[in-house]
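Note sheet for the following structure.
The values are calculated or read from the model by the stated rules, or taken from the named source; none is laboratory data. Predicted model, so just to flag it, every value in this text is computed and none were measured. Virtual Cβ from ideal backbone geometry, glycine too; neighbours counted across all protein chains shown. Remember, those area values only see protein heavy atoms, side chains included, never the ligands or the DNA or RNA. Shrake-Rupley method; radii C 1.70, N 1.55, O 1.52, S 1.80 Å.
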Amino acid sequence: MSGTAHSSHRQIPAPPARPVSLLAVLVAALLAFAVTGCVTVDGEHTRVAPLDEHEAAQVLAEFDARNNEVYTHRDTDLNARIETGPVGAIDQASLRIMQFTDPQRTREIPEFTHDRPQFWIPRTIGWPKWFAVQNTPSYPNARAMLLVFTKQDPDAPWQAAWGPTLRPGETFPEPYRDAKGHVVEVPADAADLVVAPQDTAGALTAYLTDGRASAGLFADEPTTTEQRRLREEPVQNGFVRQFIDTPAAHFPPLAIRTKGGGALVLFAVTHSMKLTVQPPNVLGEIEPEQQAFLAEPPKKSVTEHRLTGYAAVVPPAGDGQVRLVATMSGLIGAEGE
């Protein structure tokens, strides 16, 4: 169809322009952005906080309610919906142990909540999103812990992923906060620290293996010295202990910038120990927790696997040693021979 009119040469007056509503402008702008992909509102390409403190408090309250329900009913399915990462792996194994050692649920697990929360909320690009809650659980003699929640994508639920508890006498470092009060995530390959977050687990396992590699990197403290002592005394009371320490690489580390330029680094390690009896000794009674993972009683050796999550204070490059200030640990498997 042609765009030229042959029936008339008269100029037909254009209709008066109608005012454009603000709503129409906004809709057009949003459509344009959606087509070009330049702006999103879900944090995929824009640095945003995943939620505010009020929403974070709601996530924490809902988690507490569901977590107490998990342990009342020994509900592994519900646990899998509210937890992931190292916390999820440790607690799934813990529930399996409870089902084996207390099948009638005669042991009551007291309910508790995570009290006095201090929220660490970052502004991040892409997924997953996360936030942390420094808190003190409500059970007796509890020490402060850092509970970290993650959200894998816009439609996923918030799940607890990390939960290291402070060692006696330790404190969490003060996180660096920007002008709006948000904490800052440190890249896994950051080169401005004495050890990059992605290398911290490997440095610890290398040190535990022979006591020499990375020996000057870690501060002399009970967490490291006790583990090294056990590895230096492999034969005790008629048994031989063999250790294998490996980074739990399937749980990526999380590093949070601290005041002064360092970082609080969360990472995970699997500590495996094989206990072999030396004749004429016998292996003896196997711990009930280990039995939960064994198909039949072992005769000469038992190997246990423990997953440990660490929170390490990592100073800026050239400015001190790494301190392991908090841990979480649990038996996650065992084999026998």
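Got a number for residues in segment 77-126 being of a type in the set (D, E, K, R), within 30 Å of Pro154 (Cβ to Cβ) and either touching a residue at least 40 places away in the same chain (Cβ under 8 Å) or open to solvent by less than 20 Å² (accessible area, probe 1.4 Å) (or both)?
4
Let me spell it out: the conditions are (1) in contact with a helix residue (DSSP H, G or I) (Cβ under 6 Å, 6 or more places away or on another chain); (2) under 19 Å from Ile82 (Cβ atoms); (3) not charged (D, E, K, R), and Ala188 meets all of them except one. Which number is the exception?
(2)
Against the definition (closer than 30 Å to Lys300 by Cβ and among the aliphatic types (A, V, I, L, M)), how does Ala191 come out, yes or no?
Here the answer is no, as Ala191 does not meet what is asked.
Just the residues that are assigned to a loop (DSSP other than H, G, I, E, B), surrounded by 18 or more Cβ atoms within 10 Å (Cβ to Cβ) and of a type in the set (Gly, Ala, Ser), please, taken from segment 145-187.
Gly163
Do any residues in segment 135-146 that are within 15 Å of Glu111 (Cβ to Cβ) have Cβ atoms under 6 Å from those of residues that are part of a loop (DSSP other than H, G, I, E, B) and open to solvent by 20 Å² or more (accessible area, probe 1.4 Å), where the two are at least six apart or on different chains, and which pairs are they?
Qualifying pairs under 6 Å: Pro137/Phe112; Ser138/Phe112; Ser138/Thr113; Tyr139/Phe112.
Out of Arg96, Arg105, I need the residue that is at pLDDT below 95 and in contact with a helix residue (DSSP H, G or I) (Cβ under 9 Å, 6 or more places away or on another chain). Which one?
Arg105
Restricting to segment 182-226, what's the tally of residues that are touching a His at 6+ places or on another chain (Cβ under 9 Å) and at positive phi?
Summing the residues that are touching a His at 6+ places or on another chain (Cβ under 9 Å) and at positive phi in segment 182-226 gives 0.
Test Leu204 against the criterion of being surrounded by 14 or more Cβ atoms within 10 Å (Cβ to Cβ) and within 24 Å of Gly260 (Cα to Cα), and give yes or no.
yes
Residues to consider are Asp178, Asp199, Asp155; find the one that is more than 16 Å from Gly85 (Cβ to Cβ), in contact (Cβ under 8 Å) with a residue 24 or more places away in the chain and acidic (Asp, Glu). Write out each step before concluding.
Numbers: Asp199 fails: in contact (Cβ under 8 Å) with a residue 24 or more places away in the chain; Asp155 fails: in contact (Cβ under 8 Å) with a residue 24 or more places away in the chain.
Only one candidate passes the filter, namely Asp178.
Restricting attention to segment 188-201, which residues are open to solvent by 30 Å² or more (accessible area, probe 1.4 Å) and under 22 Å from Trp127 (Cβ atoms)?
Ala188, Asp189, Gln198
Here is a check on your reading of the model: is Asp64 open to solvent by less than 20 Å² (accessible area, probe 1.4 Å), of a type outside the set (A, V, I, L, M, F, W, C) and out of contact with any helix residue (DSSP H, G or I) (no Cβ under 7 Å at 6 or more places or on another chain)? It would help to see each step written out before you state the result.
Values: open to solvent by less than 20 Å² (accessible area, probe 1.4 Å): yes; of a type outside the set (A, V, I, L, M, F, W, C): yes; out of contact with any helix residue (DSSP H, G or I) (no Cβ under 7 Å at 6 or more places or on another chain): yes.
Yes, satisfied.
Please work out which one of (1) touching a Phe, Trp or Tyr at 6+ places or on another chain (Cβ under 6 Å); (2) open to solvent by 60 Å² or more (accessible area, probe 1.4 Å) is the condition Pro222 fails and give its number.
Exception for Pro222: condition (1).
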